[in-house]
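Chemist: Supplied in structure tokens, the structure appears directly below.
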Amino acid sequence: MSERQRRSERQHLSEGEVPAVRELRLVVTAADYDAALHFYRDVLGLPERAAFSSDGGRVSILEAGRATLEITDPRHAEFIDEVEVGRRVAGQIRVAFQVDDSTEATARLAAAGAEVLAEPTRTPWNSLNARLEAPGALQLTLFTELGDGEGGEGDGGGDGS
């Protein structure tokens, strides 16, 4: 975590204060539920926390590690797209997953049907980011933090924050 990020967290939470929000849950409505569940649970590897059904409907809640909400203005979103893909491609929502090996994960997800928009690319914030179009009409960024010793500029997070 950068000094800027630590400073920002200290400004918003007093010592011992607990955040008001306990969990960020992104809800995706997928026309092909089975394909989307297979892709995110079985291929990407998100463990299933719970599953429920209603009259003719189903939902699965998948664990995705620690969640953050990244808020960006249109100019910075355009910059991130330019770095990761070379042109503006994302809509209003894009989901980013930190993975151990973005090159391997990109190949695995592509083999399962995701469309690769950009192969893993080293970013100015020193991560290796790939962009995919995935089931459920979601655009994904897969990013791997490269660490301080491997060069790069900036002190933002792996997804361009």
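The values are calculated or read from the model by the stated rules, or taken from the named source; none is laboratory data. These figures come from a predicted structure and were not determined experimentally. Here the Cβ positions follow ideal geometry from the backbone for every residue, glycine too, while neighbour counts run over all protein chains shown. Each accessible area value is taken on the protein alone, full model and side chains, heavy atoms only, with ligands, DNA and RNA left out. Shrake-Rupley method; radii C 1.70, N 1.55, O 1.52, S 1.80 Å.
Chemist: Would you tally the net charge around A64, using a Cβ to Cβ cut-off of less than 12 Å, leaving A64 out, and scoring K and R as +1, D and E as -1?
Modeler: Cβ neighbours under 12 Å give a net charge of +1.
Chemist: For S14, what accessible surface area do you get with a 1.4 Å probe? Give it in Å², rounded to 10.
Modeler: 80 Å²
Chemist: Moving on to the next point. May I ask you to derive the FRET efficiency for R87 and L24 from their Cβ-Cβ distance with R0 = 25 Å, giving the value to the nearest 0.05? Spell out each step's value before the answer.
Modeler: Working: r = 28 Å, r/R0 = 1.14.
The value I calculate is 0.30.
Chemist: Roughly what would the spin-label model give for R108 and A67, points 7 Å off Cα along C-beta, in nm?
Modeler: 2.2 nm
Chemist: State, to one decimal in nm, how far the label point of E133 lies from the label point of S60, with both points 7 Å from Cα in the Cβ direction.
Modeler: Computed distance between label sites E133 and S60 equals 2.4 nm.
Chemist: Per 0.36 nm of contour for each residue apart, how much would the distance between H38 and E145 grow if the chain were fully extended, relative to their Cα-Cα spacing? All intermediate terms of the calculation are to be shown ahead of the outcome.
Modeler: Values: separation 107, 0.36 × 107 = 38.52 nm, distance 2.61 nm.
Extending this stretch completely gives an extra 35.9 nm.
Chemist: Within region 124-138, find all residues whose amide N lies under 14 Å from a label point positioned 7 Å from the Cα of V116 along Cα-to-beta-carbon.
Modeler: From region 124-138, the list is 129-133.
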